[in-house]
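What follows is a short report on a single structure.
The values are calculated or read from the model by the stated rules, or taken from the named source; none is laboratory data. The shown structure was predicted, so the numbers you read here are calculated from the model rather than taken from an experiment. Please note: Cβ atoms are built from the backbone with ideal geometry, for glycine as well, and neighbour counts cover all protein chains shown.
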Ligand SMILES: CC(C)(COP(=O)(O)OP(=O)(O)OC[C@H]1O[C@@H](n2cnc3c(N)ncnc32)[C@H](O)[C@@H]1OP(=O)(O)O)[C@@H](O)C(=O)NCCC(=O)NCCS
């Protein structure tokens with residue numbers, strides 16, 4: 001019967017998509033399904049970012065903000081992560097849910113002959129770690145910064161943060177490093193990052 005055949009095909013398709021999803025997760029390539037957008041302090045982004053913070057572990061929030069942060073910070077705190085004077089923010093979404101946030105902001109007093117320097121920071125929801133979301137956010141940030149003529153990028157992290165160390169090693173193994181107690185500050189030259197990638 002037609003109905004039976006259609007039902008069978010649909011079942012096959014659902015199973016096939018399910019298998020591909022599992023395969024993608026095993027390979028860590030689910031980042032294909034990630035949508036990254038530039039975000040401002042509009043209601044939807046504020047709600048999504050608050051949800052991302054609430055669903056991130058206290059360890060991840062501490063690694064991101066380098067201090068203890070509430071799972072449900074006040075609206076002003078969340079707004080500041082999207083309304084960045086002289087900078088910008090990105091949200092990564094999967095299936096409509098925010099799974100990552102990244103932002104860049106000018107480093108005060110760091111304008112040199114090479115132009116302004118900015119600081120970047122990012123947070124990926126724990127259940128989406130190691131699927132390429134952080135790398136994707138950094139790629140999008142890099143493209144945005146090149147677009148606005150920023151070449152020098154600073155990132156501060158705990159020396160124990162294996163994820164950030166891996167990301168810096170991937171993109172800028174020649175980044176300069178300043179140590180301050182448990183924290184490391186890397187300064188990357190985006191031209192070099194781009195040059196490395198084109199080889
Ligand atoms: C750091 C962080 C952003 C990485 O995001 P992510 O989406 O998990 O990273 P990706 O999946 O894109 O991985 C990028 C690279 O880092 C490596 N990596 C990520 N987490 C790692 C970990 N815990 N240990 C070792 N390597 C790790 C990946 O293997 C990958 O390396 P590759 O390119 O050589 O394959 C994420 O762990 C996070 O949000 N941590 C909490 C907040 C934080 O530390 N923010 C940084 C402060 S600026």
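At pLDDT 95 or above, assigned to a loop (DSSP other than H, G, I, E, B), within 19 Å of the chain's Cα centre (by Cα) and surrounded by 15 or more Cβ atoms within 10 Å (Cβ to Cβ) - does that describe any residue in segment 85-93?
Scanning segment 85-93, I find at least one residue that is at pLDDT 95 or above, assigned to a loop (DSSP other than H, G, I, E, B), within 19 Å of the chain's Cα centre (by Cα) and surrounded by 15 or more Cβ atoms within 10 Å (Cβ to Cβ), so the answer is yes.
Determine if segment 126-142 includes at least one residue that is over 14 Å from the mean Cα position of the chain (by Cα), near the ligand (Cβ under 9 Å from one of its atoms) and modelled with pLDDT of 95 or more.
No, segment 126-142 has no match at all.
Just to verify a result, which residue in segment 165-199, among those that are under 18 Å from residue 103 (Cα atoms) and in contact with a helix residue (DSSP H, G or I) (Cβ under 8 Å, 6 or more places away or on another chain), is farthest from the ligand (Cβ to nearest atom)?
Applying the filter and picking the extreme gives 190.
Given (1) more than 16 Å from the chain's Cα centre (by Cα); (2) closer than 25 Å to residue 184 by Cα; (3) away from the ligand (no atom under 11 Å from the Cβ), where does residue 74 come up short, assuming only one miss?
Failing condition for residue 74: (2).
Residue-wise test of (1) surrounded by 17 or more Cβ atoms within 10 Å (Cβ to Cβ); (2) under 22 Å from residue 47 (Cα atoms).
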{"residue": "65", "(1), (2)": "no, yes"}
{"residue": "75", "(1), (2)": "no, yes"}
{"residue": "95", "(1), (2)": "no, yes"}
{"residue": "124", "(1), (2)": "yes, yes"}
{"residue": "127", "(1), (2)": "no, yes"}
{"residue": "142", "(1), (2)": "yes, no"}
{"residue": "160", "(1), (2)": "no, no"}
{"residue": "172", "(1), (2)": "yes, no"}
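Name, by its number, the condition in (1) within 20 Å of residue 88 (Cα to Cα); (2) free of Cβ contacts under 8 Å to residues at least 24 places away in the same chain; (3) under 15 Å from the mean Cα position of the chain (by Cα) that does not hold for residue 108.
If we test residue 108 against (1) within 20 Å of residue 88 (Cα to Cα); (2) free of Cβ contacts under 8 Å to residues at least 24 places away in the same chain; (3) under 15 Å from the mean Cα position of the chain (by Cα), just (3) comes out false.
Checking the structure you have, find out if any residue of segment 149-160 is more than 7 Å from the ligand (Cβ to nearest atom), in contact (Cβ under 8 Å) with a residue 24 or more places away in the chain, more than 26 Å from residue 51 (Cα to Cα) and out of contact with any helix residue (DSSP H, G or I) (no Cβ under 9 Å at 6 or more places or on another chain).
Yes, that holds for at least one residue.
Give the residues of segment 59-76 that are part of a helix (DSSP H, G or I) and more than 15 Å from residue 161 (Cβ to Cβ), sorted by residue number.
Those that are part of a helix (DSSP H, G or I) and more than 15 Å from residue 161 (Cβ to Cβ): 75, 76.
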